[in-house]
Amino acid sequence: MLQDRDQRIDAVLAGARAAGRLAVDLLLPPRCLACGDLVAEASSVCAECWSGLDFITKPYCASCGYPFEYEVGEAAVCAGCEASPPRFDRARAAMRYNEASKPLLLRFKHADKAELAPVLVRFMARAGGELLAGADLVAPVPLHRWRLLRRRYNQSALLAKQLAAEAGRPFLPDLLTRRRNTPPQGQLGREGRTRNVAGAFAVAPHHRDDVAGRRVLLVDDVMTSGATANACAAVLKRSGAEQVFLLTAARVVLA
Ligand SMILES: [Zn+2]
Ligand SMILES: [Zn+2]
């Protein structure tokens with residue numbers, strides 16, 4: 001009798017496990033990926049958060065992707081790129097880093113990676129279609145090993161992997177390495193950021209031959225000043241990369 005009951009419990013548990021995702025969905029109604037309010041559909045954002053997301057579309061700087069207010073011609077570059085041309089060839093971002101995208105990116109960084117990655121990848125593939133089509137290989141902007149251990153995950157690698165799969169391009173998760181643990185960039189200005197990351201990156205020795213003559217697409221979650229992308233592009237160019245592109249989920253746009 002007792003054994004019978006145990007078996008019944010086992011069967012119920014097995015059934016619940018098999019129902020897996022479905023059971024979880026039924027027990028926990030879907031919530032907005034950004035603010036956590038209830039939404040009708042899983043893996044989505046509510047109408048209010050959606051309206052706050054500011055997707056970057058043309059016109060923008062041909063080089064760094066900085067959005068322009070008015071159409072100024074396909075090849076136009078922004079004042080910043082004019083003054084000091086970046087080492088990367090083109091950078092594109094899906095959306096502005098703002099009050100609506102920030103919680104999405106923070107949750108992606110610290111919590112719901114599996115659920116958020118495909119959503120961000122969808123945005124990024126749309127914004128960076130040209131870059132994906134033109135790239136020979138896809139790699140993430142690396143985290144330092146210590147930070148990687150602490151966070152146990154390079155969120156940029158997750159995005160890069162899914163984008164590479166989508167575009168049918170090779171994914172090289174360890175193409176670039178960090179040579180030293182650069183302090184977090186948060187408090188630094190543009191000059192400080194540039195100094196902070198200079199010399200911080202290297203092409204992994206076993207990938208040197210993969211870079212020469214190739215067009216490399218780097219993937220990161222957020223572009224802030226572009227200093228990190230610049231430093232990565234510099235070492236890739238030194239190893240013979242023909243072009244270096246950057247695709248991010250969001251970028252800081254200073255008015
Ligand atoms: Zn919301
Ligand atoms: Zn620019």
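The values are calculated or read from the model by the stated rules, or taken from the named source; none is laboratory data. Given the structure is predicted, the values throughout are model-derived calculations rather than measurements. Note that each Cβ is placed from the backbone with ideal geometry, even for glycine, and that neighbours are counted across all protein chains shown.
Looking across the stretch 87-137, the residues that are out of contact with any strand residue (DSSP E or B) (no Cβ under 6 Å at 6 or more places or on another chain) and among the acidic types (Asp, Glu) come down to GLU99, ASP112, GLU115, GLU130. The one condition from (1) over 19 Å from ALA255 (Cβ atoms); (2) within 12 Å of ligand 2 (Cβ to nearest atom); (3) outside any loop (DSSP other than H, G, I, E, B) that SER51 does not meet is (2). For the stretch 37-51, the tally of residues that are within 7 Å of ligand 1 (Cβ to nearest atom), surrounded by fewer than 16 Cβ atoms within 10 Å (Cβ to Cβ) and not acidic (Asp, Glu) stands at 0.
For every residue, the table says whether it meets (1) surrounded by fewer than 19 Cβ atoms within 10 Å (Cβ to Cβ); (2) at pLDDT 95 or above.
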| position | (1), (2) |
| --- | --- |
| MET95 | no, yes |
| PRO103 | yes, no |
| GLY134 | yes, yes |
| ALA139 | no, yes |
| PRO142 | no, no |
| GLY168 | yes, yes |
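Please identify the pairs in which a residue from the stretch 81-97 that is within 16 Å of ligand 1 (Cβ to nearest atom) has its Cβ atom under 8 Å from the Cβ atom of a residue that is modelled with pLDDT of 95 or more and aromatic (Phe, Trp, Tyr), counting only partners at least 6 apart or on another chain. Taking only residues 6 or more apart or on different chains, the pairs are MET95/PHE55; MET95/PHE123.
Any residue at all in the stretch 236-255 that's assigned to a helix (DSSP H, G or I), under 25 Å from ALA125 (Cα atoms), modelled with pLDDT of 95 or more and touching a Leu at 6+ places or on another chain (Cβ under 8 Å)? The answer is yes, given that some residue of the stretch 236-255 is assigned to a helix (DSSP H, G or I), under 25 Å from ALA125 (Cα atoms), modelled with pLDDT of 95 or more and touching a Leu at 6+ places or on another chain (Cβ under 8 Å).
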